[in-house]
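Engineer: Below you will find the structure I want to go over with you.
Please treat every number below as a calculation from the coordinates, not as lab data. A quick note: this is a predicted structure, and the numbers were derived from the prediction, not measured. No Cβ is skipped: glycine too gets one built from the backbone with ideal geometry, and neighbour counts run over all protein chains shown.
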């Protein structure tokens, strides 16, 4: 009986299906099913009731899972103690990064790996932090906005504000708006959320404006590139535009108008035995991200 098989069993229980566990651990589903079957054969006990709709534990499975949690957590703590003694942190961390934030996040992750070269990072672009933490087995993920699931530990990173942006080419062709109301008469580019909702109402601290976009996309990267190409004005977080502003591809429009802020969070499962590598990355992100945005 291998420790990896015991961890696989606990992962299947926590995620609720062989498929979810396979996705989280980057394994073929058939591999997961086979190994659980071998574990049951070794124990001479059925651990799961298998139906086409749901996977649930048998009485033997419930007892085994309850006791096994203590053992697996203890072994992981022992391994972490050895790694810390050697002062060479190792391990793998799976992190969910918001789509199109790579320009800001990649240098921060690169610095982390320079500090801890033995830690492997598996970066997944994720627009649904809560669901993907379970479905992809993420160790941590970013989230913007209100918190919707109290079962996760949430660390506040900073507050994010949006800014009105356009390219110098666009302003030279269409002119500079004088007030926020003038924006409605300009060519606007809007972001479309993954759920299909169009972000066509732009909120400021003391007002809001509805725009009628000439262009929209569910990719903030496409929105940014379209602005750089001179196709219109958009309303993006600084996090997504800092590089283009630094090299002069984009400039602020009506900088005196302040947007409402949104909370930027780092989420991770509320579970014992979080790895030393994950804790190091959490601390690094909490320290470095506010400096970059």
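Engineer: Within 10 Å of each residue's Cβ, count the other Cβ atoms and sort 94, 214 from fewest upward.
Structural biologist: 214, 94
Engineer: Please determine, in degrees from 0 to 90 and to the nearest 10, the orientation of helix 102-115 with respect to the longest principal axis defined by the Cα atoms of the chain, where the helix direction is its Cα long axis.
Structural biologist: In the chain, helix 102-115 runs at an angle near 50 degrees to the longest axis.
Engineer: Can you tell me, using C-alpha contacts under 8 Å and at least 6 residues apart, the relative contact order of the range 162-260 as a whole percent?
Structural biologist: Result for the range 162-260 is 46 percent.
Engineer: Go ahead and set up a Gaussian network model of the chain, Cα springs under 10 Å, then flag whichever of 148, 131, 106 fluctuates most.
Structural biologist: 148
Engineer: Sorted from largest down, what three extents in whole angstroms do the Cα atoms of the range 3-84 have along their principal axes?
Structural biologist: Sorted from largest, the Cα extents of the range 3-84 read 44, 27, 20 Å.
Engineer: Here's another thing I want to ask about it. Could you tell me how far the Cα centroid of the range 152-191 sits from the Cα centroid of the range 37-62, in Å?
Structural biologist: Comparing the Cα centres of the range 37-62 and the range 152-191, I get a distance of 54 Å.
Engineer: Determine Rg/Rh for the chain; Rg is computed over alpha-carbon atoms and Rh is the Kirkwood hydrodynamic estimate from the same atoms.
Structural biologist: Rounded to two decimals, Rg/Rh equals 1.08.
Engineer: Also, I was wondering about something else. What distance in nm separates the two pseudo spin-label positions at residue 68 and residue 113, each 7 Å out from Cα along the beta-carbon direction?
Structural biologist: Taking the simple label geometry, residue 68 and residue 113 are separated by 3.3 nm.
Engineer: Mind pulling the per residue volume of the convex hull built on the Cα atoms of the range 162-260? Å³ is fine.
Structural biologist: Output value, Cα hull per residue: 90 Å³.
Engineer: Once the mean 1/r over all distinct Cα pairs of the range 110-183 is inverted, what Kirkwood radius in angstroms do you read off?
Structural biologist: Mean inverse Cα-Cα distance, inverted, gives 16.8 Å.
Engineer: Same structure again: Most fluctuating residue of 265, 193, 202 in a GNM of the chain with Cα springs under 10 Å: which is it?
Structural biologist: Residue with maximal mean-square fluctuation among 265, 193, 202: 193.
Engineer: Any idea what angle helix 276-292 forms with the longest principal axis of the chain, computed on alpha-carbon atoms, 0 to 90 degrees, nearest 10?
Structural biologist: Compared with the principal axis, the helix lies near 10 degrees.
Engineer: Distance from a point 7 Å along Cα→Cβ of residue 92 to each backbone N in the range 115-157: keep the residues under 19 Å and list them by number.
Structural biologist: 116-126, 132-141
Engineer: Return 220, 58 ranked ascending by Cβ neighbour count within 10 Å, so the fewest neighbours appear first.
Structural biologist: 58, 220
Engineer: Here's another thing I want to ask about it. Could you compute the FRET efficiency for residue 51 and residue 245, with r as their C-beta to C-beta distance and R0 at 51 Å, rounded to 0.05?
Structural biologist: Step by step, r from the Cβ atoms, then E = 0.40.
Engineer: Taking the number of other C-beta atoms within 10 Å as the exposure measure, put 227, 115, 245 in order starting with the fewest.
Structural biologist: 115, 245, 227
Engineer: Can you tell me the 0 to 90 degree angle between the C-alpha axis of helix 29-43 and the longest principal axis of the chain, rounded to 10?
Structural biologist: 30
Engineer: If I build a Gaussian network model for the chain, linking alpha-carbon pairs within less than 10 angstrom, which residue out of 42, 186, 143 has the largest mean-square fluctuation?
Structural biologist: Highest fluctuation among the options: 42.
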